[in-house]
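Have a look at the structure below, then the notes.
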Amino acid sequence: MRYSKMLIPTVKEVPADAETTSHKLMIRAGLIRKVASGTYTYLPLGWRCLLKIIAIVREEINRAGAQEIMVPSMQPLELWDQTGRSTDYGPTMFRLEDRHGRMNVLGPTAEEVFTYLAAGEIRSYKQLPVNLYQISPKFRDEFRPRFGVIRAREFIMKDAYSFDADLEGLDRSYRAMYDAYCRIFKRCGLDYVIVEAESGEMGGSGSHQFTVPCESGEDTIVYAEDGSYAANLERAAVDPAAGVSGGSGSLPGSGATQIPPARDVHTPNVGSIEAVCAFLKTRPEDMIKTLIYTAGGDVVAAVVRGDHDVNQEKLTGGLGGVHVELADEAQIFKVTGARVGFAGPVGIADKVSRVIIDYAVAAMAVGVTGANKTDYHTKNVVPGRDFPLAGDNIIVTDLRFATEGDTHNGKKLLFKKGIEVGQVFKLGTKYSKKLGAKFLDEQGAEHLCIMGCYGIGVGRILASAIELGNDENGIVWPISIAPFEVLVTCVNQEDEGVAAAAENVYTQLHNAGVDVLLDDRVMRGGVKFKDADLIGIPVRVTVGKKSLAEGSLEIKLRSEDASQKVPVEEAPGRVIELVKSLKGRLTR
Ligand code: ATP
Ligand code: MG
């Protein structure tokens, strides 16, 4: 390809909404352009990168035994109603009405359609296992689209769905995808970590996320200092505090006798943790926070330390998988008899169906709590003395988000930021049950298909590669997903001899199967070098009047400062070797 014929609109300035390095560089290097909030056009260079990523993904997913198909993005809402996910996805799902008044959705993912397909086509155990996938646009009306293609409203996802006859089969299918993901991210040149994850609204029993650690990531990776454990923040499990054993609600007891009786204090209009701390001159970690939730038809109380946050996934888990939502003001008043901000654990067990107390609260010697009375708090509250830590409807468990410094299996937990590039889930029968995906076994008995699902954000791979590979001058691509492998920069295009020499190197490389771009623009060398650094092609061959007079060309890696002079006739061979060795580093 020739630079002069390509649309590569590099720019100096970036719009104010480009916050992250990858977003800025994708605009500056002319890879993408914004159309509307969270929707982007991929320009020729960006699209070339994306096609290379897609080719790697396709090759590895095929190798793992999955078959590519294509299902419609526009899907009947009815299918989503059948699984209940039209409600679970809520406003994130785009909906549109057709001319006949039928409701459709623009698929944010495709479990429903794939399961519907399986329900229609799979009859016998002989057809299992089967793994089907597609690489297609997905639509999510993200609350806050940002970071360019990282959190977009329309983006390309590879999504695969496995159907097995039994749980052992699911384990095999899951493992095959997990291994394929490792190969994909390695080949794309990404340093990634695999963390345990919650399966969230997907339902199901197990999940891993593939995350690229970097500062601008929106995910928090929680890992043990010795590397023995890694999970995302939604999932990360925390050890019980010293002296508190799991679930039994044993009493810390120590010191309880020295603490004076609990007493109410007037705290007018002081509801938030910060306000109470300021008013009573206490610290958030010395407060006990009580939140009221609805869980199915029940009302439950969740009790955590003032400086901790309830993890709703854990709360749901503690309640045996019941979906929870924060209660509204009226419900809170009904239960506690007080306005929002004054709920407390004393006596609450008699007013709600369950009380779930975090380990850290059970370990407190004393705390300040809401008094279940508007404008009052209670001081000197001793867990176990003033409210029970055991009982029919009381659970002491791991209920909160981990904080840095907590421990897991005795190992200190540390945090780092990351971008989720892919996730794999064991779904079980959630979808096959609701949509009737069944098969007959050898004896003719009917069973539900056991499913797994596996997603990769193709655009996020691109952006993550830029987050990891860049310097002050621009992008530094891994060769496997770079828009081109080699750039031949002709410094004096107006000089016929130099232009012909550049053309000659270009043709030789091209004929040898190297993916090469010739910068044949009539422009100053300085401008060309700036663009070369910005678009970040891994190998640059510079053809200039001066070095040509000495019979040499210059070869330079984008990732290194030094360049090398090579005799003209040797140059193509050397470049081909270099490309081979760079690619070799990114093999599976
Ligand atoms: P997130 O937590 O970041 O919103 P998710 O867990 O909801 O993502 P999945 O449903 O697991 O995403 O989708 C599979 C993959 O699709 C993700 O691992 C991610 O790489 C990609 N993806 C999800 N949402 C977006 C988005 N808004 N823009 C670009 N890629 C996305
Ligand atoms: Mg995910």
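The values are calculated or read from the model by the stated rules, or taken from the named source; none is laboratory data. A quick note: this is a predicted structure, and the numbers were derived from the prediction, not measured. Here the Cβ positions follow ideal geometry from the backbone for every residue, glycine too, while neighbour counts run over all protein chains shown.
Whenever a residue of segment 9-23 is under 15 Å from Y40 (Cα atoms), its partners that are of a type in the set (F, W, Y), lying with C-beta atoms within less than 6 angstrom and at least six residues away or across chains, give the pairs H23/F147.
Residues are listed down the side, and each one gets a yes or a no for (1) without any contact (Cβ under 8 Å) to a residue 24 or more places away in the chain; (2) part of a helix (DSSP H, G or I):
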{"residue": "R95", "(1), (2)": "yes, no"}
{"residue": "R99", "(1), (2)": "yes, no"}
{"residue": "T109", "(1), (2)": "no, no"}
{"residue": "L117", "(1), (2)": "no, yes"}
{"residue": "I135", "(1), (2)": "no, no"}
{"residue": "E142", "(1), (2)": "no, no"}
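For segment 36-50, a residue qualifies if it is over 15 Å from I466 (Cα atoms) and under 21 Å from the mean Cα position of the chain (by Cα), and the qualifying residues are S37, G38, T39, Y40. Just to verify a result, which residue in segment 146-166, among those that are away from ligand 1 (no atom under 16 Å from the Cβ) and in contact with a strand residue (DSSP E or B) (Cβ under 6 Å, 6 or more places away or on another chain), is farthest from I135 (Cα to Cα)? Ranking the candidates gives D164 first.
Could you check segment 481-588 for strands (runs of 3 or more DSSP E) lying wholly inside it with 1 or more residues that are surrounded by fewer than 21 Cβ atoms within 10 Å (Cβ to Cβ) and either of a type in the set (G, A, S) or in contact with a strand residue (DSSP E or B) (Cβ under 6 Å, 6 or more places away or on another chain) (or both)? Of the strands (runs of 3 or more DSSP E) lying wholly inside segment 481-588, those with at least 1 residues that are surrounded by fewer than 21 Cβ atoms within 10 Å (Cβ to Cβ) and either of a type in the set (G, A, S) or in contact with a strand residue (DSSP E or B) (Cβ under 6 Å, 6 or more places away or on another chain) (or both) span 552-557, 563-567.
Scanning segment 466-477 for residues that are buried (at least 20 other Cβ atoms within 10 Å of the Cβ) and out of contact with any helix residue (DSSP H, G or I) (no Cβ under 6 Å at 6 or more places or on another chain) yields G469, V476, W477. The number of residues in segment 228-256 being of a type in the set (S, T, Y) and either at pLDDT below 55 or under 10 Å from Y359 (Cα atoms) (or both) comes to 4. Every listed requirement among (1) closer than 23 Å to K417 by Cα; (2) at pLDDT 95 or above is met by S199 save one, (2).
Of the helices (runs of 4 or more DSSP H) lying entirely inside segment 261-338, the ones with 1 or more residues being hydrophobic (A, V, I, L, M, F, W, C) and under 20 Å from D375 (Cα atoms) are found at 273-280, 329-336. Enumerate the strands (runs of 3 or more DSSP E) found wholly within segment 28-76, keeping only those where 2 or more residues are closer than 25 Å to V424 by Cα. Hits in segment 28-76: 74-76.
For segment 385-439, give me each residue that is assigned to a helix (DSSP H, G or I) and more than 15 Å from ligand 1 (Cβ to nearest atom). Once the filter is applied, which keeps residues that are assigned to a helix (DSSP H, G or I) and more than 15 Å from ligand 1 (Cβ to nearest atom), segment 385-439 yields S432, K433, K434, L435.
Hey, among R144, R175, which residue is away from ligand 2 (no atom under 16 Å from the Cβ), among the basic types (K, R) and over 26 Å from D88 (Cα atoms)?
Residue meeting the stated conditions: R175.
Report yes if V424 is more than 34 Å from the chain's Cα centre (by Cα) and buried (at least 19 other Cβ atoms within 10 Å of the Cβ), otherwise no. So V424 fails the test.
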